[in-house]
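Before any comments, here is the structure.
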Ligand code: F6R
C-alpha cells in the first residue's frame, strides 16, 4: 500500500488523476475498465480529470465504467441516484460513451437477481483495471458496512445508521435516505487490478488509520485492501492524523 499525504484536496486530485492517466496509457488501444465511486471524496479528482480531458486531450473514448453501488429504490433518473451523480459530476463531461457507464439498477423488481447479474457483467467485461474508492467514517468501502465478509460479492446490503446520517446531507432528511443498497462486495472490489482510495478530513482519520495499520477484520472492511498488491491511498493531513 502506497500512502500519499497531501496538503489539500486539489493536490490529492492530481495524484489520483495521475493514477488514472497511467492506467489509461497502459491499456492503449484495448481500452480500460474503470470502477467509479460516488460521494464527495472523488469529486476533486473527477474535476481534475475533466480538466485534463478538456485542456490536455486525455481521452476516455475507449473506456467502460462500472459503479460501485446504487441505492435500492431509486430509479436511474432520481436526483440522488448514483446513476445520476456520476453523470453530473464526471462522465457527462468527458468523452466516454454514456451507454458504457453501468450501475446496478436500484429500481429492479428483483434486487437479489440484479446483484448477481451485476457481478456477472463485471466479470464478463474482464474485470476492473482501476477502481477508485472513498471510505466511510466507519471504514466501509462501497457499502460494505462493518461485519461484511471479506470475500463478499455484489449483493443487497443494509446501510449502517452512521452511513445514513453521513449521507443525509444529500437528502431533505435522514428519513429520506434509502436504507438498502446494491453494493459490490469486498471480494468483488479486491479483483480490481489497481485501486486508488482517497479521503480528506478528520472524520476519516480513524478509518484511514485502521485501513493502513489495523488488523484485517470485518470490523473495519477497508482493512481488506491490505491484501491487495496495488493500492494507492491519497489523504490530506487531517485524514492522516491518526496514522502512526
Ligand atoms: C460511494 C461509496 C461510499 C463512499 C463513502 C465515502 O460510491 O461507495 O463508500 O465512498 O461513503 O463517502 P464521501 O466521499 O461522501 O465521504
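Annotation: of all residues in the stretch 169-200 being in contact with a helix residue (DSSP H, G or I) (Cβ under 9 Å, 6 or more places away or on another chain) and within 25 Å of residue 241 (Cβ to Cβ), the one that is surrounded by the most Cβ atoms within 10 Å (Cβ to Cβ) is 198.
Among the conditions (1) assigned to a helix (DSSP H, G or I); (2) more than 14 Å from the ligand (Cβ to nearest atom); (3) in contact with a helix residue (DSSP H, G or I) (Cβ under 7 Å, 6 or more places away or on another chain), the only one that residue 3 does not satisfy is (1). Residue selection: residue 61 satisfies the criterion of being more than 16 Å from the ligand (Cβ to nearest atom), more than 25 Å from residue 190 (Cα to Cα) and either assigned to a helix (DSSP H, G or I) or over 16 Å from the mean Cα position of the chain (by Cα) (or both).
Restricted to the stretch 40-58, and to residues there that are surrounded by fewer than 19 Cβ atoms within 10 Å (Cβ to Cβ) and part of a loop (DSSP other than H, G, I, E, B), the residue that is nearest to the chain's Cα centre (by Cα) is 40. On the stretch given as the stretch 77-103, residues that are outside any loop (DSSP other than H, G, I, E, B) and within 26 Å of residue 180 (Cβ to Cβ) total 11.
Is it true that some residue in the stretch 162-183 is in contact (Cβ under 8 Å) with a residue 12 or more places away in the chain and within 12 Å of the chain's Cα centre (by Cα)? Yes, that holds for at least one residue. Among the criteria (1) away from the ligand (no atom under 16 Å from the Cβ); (2) out of contact with any helix residue (DSSP H, G or I) (no Cβ under 7 Å at 6 or more places or on another chain), the one residue 52 does not fulfil is (2). The criterion of at least 1 residues that are within 19 Å of residue 37 (Cβ to Cβ) and more than 16 Å from the ligand (Cβ to nearest atom) is met, among helices (runs of 4 or more DSSP H) falling completely within the stretch 107-206, by 111-124.
Quick note: the coordinates plus some simple rules give every number you see, no bench work behind them. It should be emphasised that the depicted structure is a prediction, and the values quoted were computed from it without experimental measurement. Quick reminder, even Gly has a Cβ in these numbers, built from the backbone with ideal geometry, and neighbours come from all protein chains shown.
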